[in-house]
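Student: Okay, handing you the structure first.
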There are 2 protein chains.
Amino acid sequence: MTVLAELQALLGADHVLTGDDTDSYTLDWRGRYRGRALAVVRPDSTESVAAVVRLCARHSVPLVPQGGNTGLCGGATPADDGKAVILSLARLNRVRAIDTDNDTMTVEAGCVLQALQQAAEQAGRLFPLSLAAEGSCTIGGNLATNAGGTQVLRYGNTRDLTLGLEVVTADGEIWHGLRGLRKDNTGYDLRDLYIGSEGTLGIITAATLKLFPLPVARCTALLAVPDVESGVQLLGRARQGFGAALTGFELMAGNCLQAVVRLFPQQRLPFAGESAQSPWFALLELSDSESEAHARERFETVLGEAIEAGLATDAAIAENITQSRALWHLRESIPLAEAELGKSIKHDVSLPISRIADFVRTTNALLQRDFPGVGHVIFGHLGDGNLHYNVTRAPDQEEAALLAQQPRIYGVVHDSVHAHGGSISAEHGVGQLKIDELPRYKDPVELALMRRIKKALDPTGIMNPGKVVRP
Amino acid sequence: MTVLAELQALLGADHVLTGDDTDSYTLDWRGRYRGRALAVVRPDSTESVAAVVRLCARHSVPLVPQGGNTGLCGGATPADDGKAVILSLARLNRVRAIDTDNDTMTVEAGCVLQALQQAAEQAGRLFPLSLAAEGSCTIGGNLATNAGGTQVLRYGNTRDLTLGLEVVTADGEIWHGLRGLRKDNTGYDLRDLYIGSEGTLGIITAATLKLFPLPVARCTALLAVPDVESGVQLLGRARQGFGAALTGFELMAGNCLQAVVRLFPQQRLPFAGESAQSPWFALLELSDSESEAHARERFETVLGEAIEAGLATDAAIAENITQSRALWHLRESIPLAEAELGKSIKHDVSLPISRIADFVRTTNALLQRDFPGVGHVIFGHLGDGNLHYNVTRAPDQEEAALLAQQPRIYGVVHDSVHAHGGSISAEHGVGQLKIDELPRYKDPVELALMRRIKKALDPTGIMNPGKVVRP
């Protein structure tokens, strides 16, 4: 039997897609990578996933696991040689258990993130992972890429939200590691090795995740901030003043929000005059276990001191949940506004928070020296040291001309990140986009260790080849 | 040259101990394991550690890394064949950097934990790792065993407090991974693989650790609790009512605290009458970012509701820092009181919090059936599902008779832990104490993966042999 016939016999012909039916799986979300696949298979249980892996291992057929296909680095798109099988986890989409006394839920890889947020909320709990693609990304993809998002400051990355995993290994065996334990020191941390490995070591089929109490109230404030240094000092004051109640701290260059309100007139800044023209803004979110009034009172005390200290020039505290949402909406609209203005060259970088101000200053200057007139669209999760540092065309420049400079712009920005002790991929992963950038910036000892791990756990190299690390 | 002569040439004779000078290094802290060593070496830099590893690798001499030698599982004690070299990290004891804007500190493996707590406090920050041995254990040992302690509920285990590592690999190469980044998705998570590997994959020589704001106030309360179920419900209410301000939640059987006040008359329970005879007690700690008055007011509101709901029968809220310390001191004195009462059989286990009540009930019954009259000394970090579940002799039993039953008692308790979805080593690790227990309780796929990792990162098996996993 051919591989295809064997897959059909195993899963039923309905769940083995070929030809045009594979199109939406072989193109990545941003439309940057178009691969080809022998087939897309859609197993509906861990056992079936394991059987597919064994079958592919027997025939030396490469496997590309795929969740919601919303990744930004081409990590779920196969090569264009048409040899790989895409293994979609979409049908493994059950919430297996919610344990409110243990504050955990056990879910399958194909669950959509937003559905999990809702399932937790219906049980009176918070699952805090939150990011732009939450309506279509799956928890399996979040785990494979160790997704970040807007609540990392308080709750951590996907890694920090995970207690246990179920994994199909590259040999097609099942590791039953769905532990719901806060402490377990019985050997090597395989969990965190699979998390963030982007499907190159095995396939995560289910996870036991942490839940948290629902905050009684959430309150948001927008501040006009004179410069990045002040933003960093403001973050320090906010951490001191609010403790763990501080659940969000975003920094945005003024031109980002100014573009949002220009392009989307239904949105408004809560400031007029000079404050609306501020060179930087900070968005702060408090999650309070007492009341909305208490959250606002805390904001007033601590932000008042920050303004007196000159760290901010103005502050607008949301009066109610509608106003809070409107402030967050400003932040979330930046990528849309950016897209309206044309293609940009995007960087997802992180830095020690103490070096961010210097990073922005020096990198802006380097870019202006080498690419005069280009625009800077800078925003991100300052509380995590994570900047989306994007570059747009100069006023007199064609879009194509900017895109032609992409490799050189990458080089300037990533060299500067490296020189400042940062990471060239904060939350999006490596995929195929950055696989050949890693050797330039990674400690060679670390890269060699990664290759050893890859060889040990996927000796035949069938798991998502061409992603993260080359053999 | 002999290995010894080479080591002396490398480090100077003063830092290569032999014979009787090795005695304090070859006996573990609890006096359970006595090994022998070819030598104890005390390098004072990462480069020297790497040179020692290369030298030992060349001669196939096993290496046993050692920090403060306070481990509870014999993980830092060599075999008694006298072939191994103990590598003490004690002289790598510098705080390399404290970065208050980034809230990180970079420290060497041999720093004593308490010294790091103090260094952080002097910089106006909190380093929250806290455990009984903090006056002599070292951060390198804490990292090697992923130490837990009393603040895990809020701040996590050592793993969760670590951003970057510097590691000498089993080949004697140096991985420079001292990143101070909250987000970094550029490849496999080697950091968490080395953390908790107990020196069997390489030697951690330095780490970049997270710092937190110092709480403005800390307040403690002791509650009389009718049973474990109520304790679990109380934990849920406290998490909901206090959010992340809840930094400690300990549960203790009544006999533990009653023994403390009987044996140490200078200590007193804050209750009289029936409450002092409560079958269980809970100790709660709030860390507040506002004021002591605010913390007490929060305690009064939430604990008042808990008492009304019947989850506790009495509560004493500390009026000041002295009273808070006195309440913690009761908890911390349990192991001392236990030691006064004779040797006990100790278990460091964790469970899903939702199954703890059933675990205690069924395991107590199983022990009474098989070992009538033995005593139960049960206390632990309920917020983390971590119990120290210890067994003492029956009133008419000789200590030796109890100790002779140890393997069978281990079997009963660990089988019960396993049946309840728990872990047989919550925070102490595996070492040599539990290495042969793992195959009984660990998923065989997981054990096989661990062996592959060991083989990949330490192919010649020189790193701390006989610990964690056998080849």
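The values are calculated or read from the model by the stated rules, or taken from the named source; none is laboratory data. Just so we're clear, the structure is a prediction, and the values are computed from it rather than from any experiment. Note that each Cβ is placed from the backbone with ideal geometry, even for glycine, and that neighbours are counted across all protein chains shown. The area values use the complete protein model at the heavy-atom level, side chains included, leaving out ligands, DNA and RNA. Shrake-Rupley method; radii C 1.70, N 1.55, O 1.52, S 1.80 Å.
Student: Look at region A:438-451 and say how many of its residues are surrounded by 17 or more Cβ atoms within 10 Å (Cβ to Cβ) and not aliphatic (A, V, I, L, M).
Tutor: Looking only at that region, the number is 3.
Student: Are any residues in region A:424-433 in contact with a Cys (Cβ under 7 Å, 6 or more places away or on another chain), within 7 Å of another protein chain (Cβ to nearest Cβ) and of a type in the set (A, V, I, L, M, F, W, C), and if so, which ones?
Tutor: Of everything in region A:424-433, just one residue is in contact with a Cys (Cβ under 7 Å, 6 or more places away or on another chain), within 7 Å of another protein chain (Cβ to nearest Cβ) and of a type in the set (A, V, I, L, M, F, W, C), namely A:Val430.
Student: Taking A:Leu251 and the conditions (1) closer than 17 Å to A:Asp384 by Cβ; (2) surrounded by fewer than 21 Cβ atoms within 10 Å (Cβ to Cβ), which numbered condition does it fall short on, given that it satisfies the others?
Tutor: For A:Leu251, the exception is condition (2).
Student: Does B:Leu387 satisfy the condition of being among the hydrophobic types (A, V, I, L, M, F, W, C), surrounded by 17 or more Cβ atoms within 10 Å (Cβ to Cβ), in contact (Cβ under 8 Å) with a residue 12 or more places away in the chain and not assigned by the TED database to the domain that holds B:Glu229?
Tutor: Details: among the hydrophobic types (A, V, I, L, M, F, W, C): yes; surrounded by 17 or more Cβ atoms within 10 Å (Cβ to Cβ): yes; in contact (Cβ under 8 Å) with a residue 12 or more places away in the chain: yes; not assigned by the TED database to the domain that holds B:Glu229: yes.
Taking the combined requirement at face value, the residue satisfies it.
Yes/no per residue for (1) under 27 Å from A:Lys467 (Cβ atoms); (2) open to solvent by less than 30 Å² (accessible area, probe 1.4 Å); (3) more than 12 Å from chain B (Cβ to nearest Cβ); (4) part of a helix (DSSP H, G or I):
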| site | (1), (2), (3), (4) |
| --- | --- |
| A:Val107 | yes, yes, yes, no |
| A:Leu116 | yes, yes, yes, yes |
| A:Ala119 | no, yes, yes, yes |
| A:Glu134 | yes, no, yes, no |
| A:Gly141 | yes, yes, yes, yes |
| A:Ala144 | yes, yes, no, yes |
| A:Ala147 | yes, yes, no, no |
| A:Leu153 | no, no, no, yes |
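Student: Right, here's the next one. Does B:Ser130 satisfy being small (Gly, Ala, Ser) and open to solvent by 10 Å² or more (accessible area, probe 1.4 Å)?
Tutor: Working: small (Gly, Ala, Ser): yes; open to solvent by 10 Å² or more (accessible area, probe 1.4 Å): yes.
When the stated conditions are applied, B:Ser130 passes them.
Student: Exactly one of (1) in contact with a Gly (Cβ under 6 Å, 6 or more places away or on another chain); (2) part of a helix (DSSP H, G or I) is unmet by A:Gly304. Its number?
Tutor: (1)
Student: Sticking with this one: Please go through region B:167-203 and pick out each residue that is farther than 23 Å from B:Leu449 by Cα, crowded, with 23+ Cβ neighbours inside 10 Å and more than 7 Å from chain A (Cβ to nearest Cβ).
Tutor: The answer is none; no residue qualifies.
Student: Tell me which helices (runs of 4 or more DSSP H) are completely within region A:320-403 and hold 2 or more residues being closer than 20 Å to B:Arg182 by Cβ and modelled with pLDDT of 95 or more, or say none if there are none.
Tutor: The qualifying helices (runs of 4 or more DSSP H) are A:356-370.
Student: Here's something else I'd like to know. How many of the residues making up region A:354-380 are facing another protein chain (nearest Cβ under 10 Å) and open to solvent by 10 Å² or more (accessible area, probe 1.4 Å)?
Tutor: 3
Student: Identify all residues within region A:161-186 that are touching a strand residue (DSSP E or B) at 6+ places or on another chain (Cβ under 8 Å) and among the acidic types (Asp, Glu); write none if there are none.
Tutor: Taking region A:161-186 as the starting set, the residues that turn out to be touching a strand residue (DSSP E or B) at 6+ places or on another chain (Cβ under 8 Å) are A:161-170, A:174-186.
Of everything in region A:161-186, those that are touching a strand residue (DSSP E or B) at 6+ places or on another chain (Cβ under 8 Å) and among the acidic types (Asp, Glu) turn out to be A:Glu166, A:Asp184.
Student: Could you list, in sequence order, all residues of region B:259-276 that are surrounded by fewer than 18 Cβ atoms within 10 Å (Cβ to Cβ) and of a type outside the set (Gly, Ala, Ser)?
Tutor: The first filter runs over region B:259-276 and keeps only residues surrounded by fewer than 18 Cβ atoms within 10 Å (Cβ to Cβ), leaving B:261-268, B:272-274, B:276.
Once the filter is applied, which keeps residues that are surrounded by fewer than 18 Cβ atoms within 10 Å (Cβ to Cβ) and of a type outside the set (Gly, Ala, Ser), region B:259-276 yields B:Val261, B:Arg262, B:Leu263, B:Phe264, B:Pro265, B:Gln266, B:Gln267, B:Arg268, B:Glu274.
Student: Can I ask one more? Taking region A:13-45 on its own, how many of its residues are assigned to a loop (DSSP other than H, G, I, E, B) and surrounded by 13 or more Cβ atoms within 10 Å (Cβ to Cβ)? Show your work before the answer.
Tutor: Step one: filter region A:13-45 for residues assigned to a loop (DSSP other than H, G, I, E, B), giving A:18, A:28-33, A:35-38, A:42-45.
Still in the running and surrounded by 13 or more Cβ atoms within 10 Å (Cβ to Cβ): A:18, A:28-30, A:32-33, A:35-38, A:42-45.
Selection size over region A:13-45: 14.
Student: Another question about this same structure. Being closer than 21 Å to A:Ser291 by Cβ and out of contact with any His (no Cβ under 9 Å at 6 or more places or on another chain) is the filter here, so list the residues in region A:223-251 that pass it. Outline the logic, then answer.
Tutor: Keep residues of region A:223-251 that are closer than 21 Å to A:Ser291 by Cβ, which gives A:238, A:241-248.
Residues satisfying the conditions are A:Ala238, A:Gly241, A:Phe242, A:Gly243, A:Ala244, A:Ala245, A:Leu246, A:Thr247.
Student: Being at positive phi and surrounded by fewer than 20 Cβ atoms within 10 Å (Cβ to Cβ), is that true of even one residue in region A:453-461? Talk me through it step by step, then tell me what you get.
Tutor: Taking region A:453-461 as the starting set, the residues that turn out to be at positive phi are A:461.
Checking which are surrounded by fewer than 20 Cβ atoms within 10 Å (Cβ to Cβ) leaves us with A:461.
Among the residues of region A:453-461, at least one is at positive phi and surrounded by fewer than 20 Cβ atoms within 10 Å (Cβ to Cβ), which makes the answer yes.
Student: Kindly provide the set of residues from region A:155-166 that are among the polar types (S, T, N, Q) and either more than 7 Å from chain B (Cβ to nearest Cβ) or farther than 25 Å from A:Glu285 by Cβ (or both), ordered by number. Give the steps one after another, and end with the answer.
Tutor: From region A:155-166, those among the polar types (S, T, N, Q) are A:157-158, A:162; that's our starting set.
Listed by number, the residues that qualify are A:Thr158, A:Thr162.
Student: For region A:139-156, state whether one or more residues are within 13 Å of the chain's Cα centre (by Cα) and basic (Lys, Arg). If you could, list the steps in order and put the result at the bottom.
Tutor: Kept after step one, since they are within 13 Å of the chain's Cα centre (by Cα), are these residues of region A:139-156: A:139-152, A:156.
Pick out the ones that are also basic (Lys, Arg) and you get none.
So far as region A:139-156 goes, no, none of its residues is within 13 Å of the chain's Cα centre (by Cα) and basic (Lys, Arg).
Student: Hey, could you check region A:434-470 for residues that are at the interface with another protein chain (Cβ under 8 Å from one of its Cβ atoms) and in contact with a strand residue (DSSP E or B) (Cβ under 8 Å, 6 or more places away or on another chain) and say which is farthest from A:Glu173 (Cα to Cα)?
Tutor: The extreme case among them is A:Asp443.
Student: In the set B:Gly304, B:Gly254, B:Gly310, which member is modelled with pLDDT of 95 or more and under 25 Å from B:Ser350 (Cβ atoms)?
Tutor: On the way: B:Gly304 fails: under 25 Å from B:Ser350 (Cβ atoms); B:Gly310 fails: under 25 Å from B:Ser350 (Cβ atoms).
Answer to the check: B:Gly254.
Student: So which residues in region A:218-241 are closer than 20 Å to A:Pro270 by Cβ, open to solvent by 10 Å² or more (accessible area, probe 1.4 Å) and within 14 Å of another protein chain (Cβ to nearest Cβ), if there are any at all? Let's see the steps before the verdict.
Tutor: Within region A:218-241, the first condition is being closer than 20 Å to A:Pro270 by Cβ, and the residues that meet it are A:218-226, A:230-231, A:234, A:238.
Now drop any that are not open to solvent by 10 Å² or more (accessible area, probe 1.4 Å), which leaves A:218, A:226, A:230.
Residues satisfying the conditions are A:Arg218, A:Ser230.
Student: Now, a different point. Of the conditions (1) in contact with a strand residue (DSSP E or B) (Cβ under 6 Å, 6 or more places away or on another chain); (2) open to solvent by 10 Å² or more (accessible area, probe 1.4 Å), B:Gln323 satisfies every one except a single condition; which number is it?
Tutor: Here B:Gln323 clears every test but (1).
Student: Let me ask something else. Residues in region A:401-423: is at least one open to solvent by less than 10 Å² (accessible area, probe 1.4 Å), within 19 Å of A:Asn364 (Cα to Cα), touching a residue at least 60 places away in the same chain (Cβ under 8 Å) and facing another protein chain (nearest Cβ under 10 Å)?
Tutor: Yes, there is a match, as at least one residue in region A:401-423 is open to solvent by less than 10 Å² (accessible area, probe 1.4 Å), within 19 Å of A:Asn364 (Cα to Cα), touching a residue at least 60 places away in the same chain (Cβ under 8 Å) and facing another protein chain (nearest Cβ under 10 Å).
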